[in-house]
Amino acid sequence: MADVSPPLIAIPMPHSSDSEYAERAIPQYEYAVKLAGGEPVPIPLDLAPAEVTKIVERCDAVLLPGSKADVDPAKFGAIRSSHTAVADSRRDTVDELLLQNAYNLRKPILGICYGLQSLNVYRTGSLIQHIPDFLPEDLRTRVNHEAGRKIAVAHEIEIEKGSKLAEIINGNGQEGHDFSRAAPNSKRERSSAPESLVIPVNSSHHQSADAIGDGLLIAARCLEDGIIEALEGTAPDHFVLAVQWHPERSVDEDEPSRAIFHALIEAALQHKSDAI
């Protein structure tokens, strides 16, 4: 008899020392996973590595959530910026254990905000420690990447044509609603190239990916200033996707947000089926 139980999605608690933030944030991810048909499995950050491994071994996919922490810049060989928040070593340890298991067994991975940064560094990539310090002066005020949860739409992103993310968004759009349009003031528009896939997103971060990690590629950028907004895996047989915004906050009213979680659950179901 086929296993009809929902796939188990491992989600590390967002932060180890700020329990108020962690308890407030985790339900959003759990809700989004359940809405898409999965079963969230929160992973405490105070467990021994062997205990974490035992839990994740029974899970079918991994979701790395946001965090108030920043990845320790020593992990990618950089000097700490004065804007870089204190690292959360317990969260980093759990993320690394989950990612190791997922890569070893080809389990689907979804990273969100800090989760994208954690994934990229795990794959030997690097980070921009503070976006305003990185951008040219004429671009620094175009987008407030730290807009926060109260701002439903902070900016637009342009998704790479032919990417897995583009396929996810196009494949799950509402009937009659085309999320594609020409990117205004873009080189593509001026050259009369095919339309770009552009969607609005929220934004709550001050860091972003810089050098891209092994086995990853850029799937989307901020339309206004070029900051990397999504990464995805290069292996066709392994679902790896990471987004810099927070789709879990908008699953009730935003079809692209729901599509991202549905894609994770579909990949988890496929992995679960293949493992039987």
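Computed from the coordinates by the stated procedures, all read-outs in this text should not be read as laboratory data. Everything numeric in this text was worked out from a predicted model, so none of it was measured. Positions of Cβ are generated from backbone atoms using ideal geometry, with glycine treated the same way; all protein chains shown enter the neighbour counts.
Residue pairs, Cβ under 8 Å, 6 or more apart or interchain, first in the range 213-230 and in contact (Cβ under 8 Å) with a residue 12 or more places away in the chain, second of a type in the set (Phe, Trp, Tyr). List them. Sorted first by the residue in the range 213-230, then by its partner, the pairs are Gly213/Tyr122; Glu229/Trp245. Return a yes/no flag: does the range 89-96 have any residue that is under 22 Å from Trp245 (Cα atoms), without any contact (Cβ under 8 Å) to a residue 60 or more places away in the chain and within 17 Å of the chain's Cα centre (by Cα). Yes, there is a match, as at least one residue in the range 89-96 is under 22 Å from Trp245 (Cα atoms), without any contact (Cβ under 8 Å) to a residue 60 or more places away in the chain and within 17 Å of the chain's Cα centre (by Cα). Counting only residues that are among the β-branched types (Val, Ile, Thr) and within 14 Å of Leu223 (Cβ to Cβ), the range 143-168 holds 4 of them. Scanning the range 1-51 for residues that are surrounded by 21 or more Cβ atoms within 10 Å (Cβ to Cβ), touching a strand residue (DSSP E or B) at 6+ places or on another chain (Cβ under 6 Å) and assigned to a helix (DSSP H, G or I) yields Tyr29, Val33.
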